[in-house]
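Have a look at the structure below, then the notes.
The values are calculated or read from the model by the stated rules, or taken from the named source; none is laboratory data. Remember, predicted model here, so these are calculated numbers, not experimental data. Neighbour counts are summed over all protein chains in view; Cβ atoms, including those assigned to glycine, are modelled from backbone coordinates with ideal geometry. SASA here: full protein model, heavy atoms, side chains in, ligands and nucleic acids out. Shrake-Rupley method; radii C 1.70, N 1.55, O 1.52, S 1.80 Å.
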Amino acid sequence: MLAYVIRRMAYGFVTVLGVLALLFFLFFLYATPDEMARRSLGEKAPPQAIHDWVVKHGYDKPAWSWSDPKESQLYNHYHSMLTFNFGTSDADDSLIAPQIRKRMIPSLVLTLPLFFTGITLGIVFALFVAYFRDTYIDRMGVVIAVLAMSVSVLLYIIGGQYLIGKLLRWFPISGFDPDPALIARFMALPWAIGLLSGLGESVRFYRTVFIEETSRDYVRTARAKGCGDGRVMGAHVLRNAMIPILTRVVVSIPFLFMGSLLLESFFGIPGLGSMMVDAIQGNDFSTLRVMVFISSLLFIGGQIATDISYTLADPRVRLD
Amino acid sequence: MDAHHWQNLVVAVLVSGAVVAWLRARRSDLWRDAGRQVVKRRPLACSVVAFYSVLALADAVSWKSDDPDCAGLSQHKPRSVIDRAFRCDFQERSYSAPLADREFYGGNELTFPGLHPMGTDIRGRDVLHLALKGARIALLIGGFTSLIVIPLALFFGISAGYFGGRVDDAVFFVISVLSSIPGLLLLIALIMVLGHGALQVCIAMGITSWVGFSRVVRGETFKLRELEYVQAARALGVSEFKIIWRHIVPNLMHLVVITFVLLFSGLVLSEAILAWLGIGIDGSWGQMIDMARDELSRDPIIWWNLAAASIALFGLILAVNFVGDAVRDVLDPKTLREDA
């Protein structure tokens, strides 16, 4: 077990190095510093201004030099990312790391409740629909789920904001206030919309998983020995479906921290998602690079955690 | 050759490719039955998808002509079949409500009073016309990206699964690196680096979406490699390339079809998000929906632009999702086993 964990972490680290290599290729070799400068200063910027910009942001070093590796872009890139010294933003020269720390909290306020209620509701609905498999309730459930997942997220947000925020005036259209008394009022609408827009897809996914499980022998055995329906679905089927559920849950872990790009910027929540949007609109390559790096770091960490949690969820899985 | 000639050429190549694929599929019982079953299960959704495809094709073929009625601005521009279904220079100066006689703001007389069934947008373009033209962009996103995804995924997946060893290690490393970056972020980073534009968006989407499919292909090839007929072929001295081409690839085709259909709706929906971030493709429904942010905050609101684009988008995605489910049910051996 310990040997497996160590090996898994070592492979995870190599993957991180690979991600950094990809980022280096994209952001330094493919889009050259000159090009970045031109994007942020404008196409017609004079050569001197571009040169100044490149020097100021430290992009004037050679991509790699054999004689002095420490004075190269590649070394700097790996060094700054792996030591979490993310440097400054290309757009306004502010430090990136404190920004991220500050903006992580609003993101978590948005995504954590969304994450847990989303999983719970998705599983409960899916268990319900799967229990009635091949009846009209099941078919209705599937049709509603497909209908719900065919609507663009944009439409959920725009429609929800318009209907609830503007016409009915139940909740503010957008905004954020860290005061605990007010936070729920501001977050109610983004929570509801985020929940609604993801529910169709997850119900459909979990239903498939549960349906596969309900046709297994152990379900029949459980029924035969007199288990109630609730116990069969809630204890036997759910327990055995844990592995696909865990796999799916982990995929969304990076988004817990990164926030939801669309929800945050539509609702004016000053989290990491809106930081990404700002970076995209301001051609801020260094912030973008850091965000991609952190999210993949979270993802790789999450994958290792799932592999380990498989053994807890399912004693048949042995890691060695 | 002008841009529109190239476009016509690409369309001709794609259509003839599709016809050849269709003719070949008709010869095999498996594919003919599968096709029939999909249509039988979801007749409405299949015809909706066919309708959108016809729209897209009609907008993809364009030519120049000296139309005597068309004396205005677009006389020397190539116009597609869809453009020709509408009047020439079918344009107003600004917003007008559906079937209105006057402009929405200011109340000036329209050039074509009462003739815009879905109104006009901020630049006075007919919304119905734009919504119909969006079909081409949506199919371009789904279709062209799949043309990148499927060969890439097949190549890497098969070589990893068939040859194993070092090749597998290398491919698996690339797969794990690419899949450990959340999809939307990688997509955004790629577009930022590649630059904006239809081709770049499709390439970026291709790079981000081949990984998942490649993993499926790799697993499936592992299984196929061990089957008796493949081992028999190897024992008879058939070359590796021929084994792959004759014995492995045909047995992966059902996965290709399923993936193509299931990938499609996801791609079109993520383009809508990109359009909202300002890095989408010009003329897509996502871009039309994006304009609604401003239009809904006006008073009285302008709803027709948003409505037309979202109905068009919703209709296509819904139909493709239903067809995709049917295709998977028909072609996936796992569910076939369940029915038996």
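Worth a mention:
- For the set B:E92, B:E240, A:E212, solvent exposure ranked by accessible area (probe 1.4 Å, protein chains only) runs largest to smallest as B:E240, A:E212, B:E92.
- Cβ neighbours within 10 Å from other chains - mean over A:29-41: 1
- Selected from A:S67, A:S107, A:S265 as most flexible by GNM, with chain A as the system and alpha-carbon contacts under 10 Å: A:S67
- C-alpha long axis of helix A:136-149 to longest principal axis of chain A, angle in °: 10 degrees
- The simple spin-label model puts a point 7 Å past each Cα toward its Cβ; for A:V124 and A:S215 those points are separated by 2.9 nm.
- Carbon/sulfur fraction of accessible area - the protein assembly as shown, other protein chains in place, 1.4 Å, %: 65 percent
- Heavy-atom accessible area ranking, 1.4 Å probe, most first, across A:T120, A:T287: A:T120, A:T287
- For the residues of B:306-319, the average number of beta carbons from a partner chain within 10 Å of their own beta carbon is 3.
- For chain B, the longest principal axis of the C-alpha atoms and the axis of helix B:285-295 are separated by about 40°.
- Gained length - A:M9 relative to A:L195, 0.36 nm times residue gap less alpha-carbon distance: 63.6 nm
- In nm, spacing of pseudo-spin labels at B:R102 and A:A305 (7 Å Cα→C-beta vector): 6.2 nm
- With a Förster radius of 41 Å applied to the beta-carbon distance between A:R223 and B:R125, the computed FRET efficiency rounds to 0.10.
- FRET efficiency for A:I183 and B:D282, using Cβ-Cβ distance with R0 set to 45 Å, rounded to 0.05: 0.70
- Remark on chain A: Rg and Dmax equal 24.1, 83 Å (Cα only).
- Computed [θ] at 222 nm, helices only, for the protein assembly as shown once each DSSP H run of length n ≥ 4 contributes -39500 (n - 2.57): -22500 deg cm²/dmol
- FRET efficiency, B:R84 to B:R246 (Cβ-Cβ, R0 41 Å, nearest 0.05): 0.35
- Mean-square fluctuations from a GNM of chain B, with a 10 angstrom spring cutoff on Cα atoms, peak among B:A307, B:A170, B:A326 at B:A170.
- Model label zone, B:L30; criterion: amide N under 14 Å from point 7 Å along Cα-to-beta-carbon; scope region B:245-277: B:245-258
- Given a 1.4 Å probe and the protein chains as shown, A:R248 ends up with an accessible area of around 60 Å².
- Ranked order, B:D126, B:D329, B:D101 - accessible area, probe 1.4 Å, largest first: B:D101, B:D329, B:D126
- Neighbouring partner chain Cβ atoms per residue of B:193-205, average, 10 Å criterion: 1
- Chain B: angle of helix B:253-276 to the longest principal axis, Cα-based, in degrees nearest 10: 40 degrees
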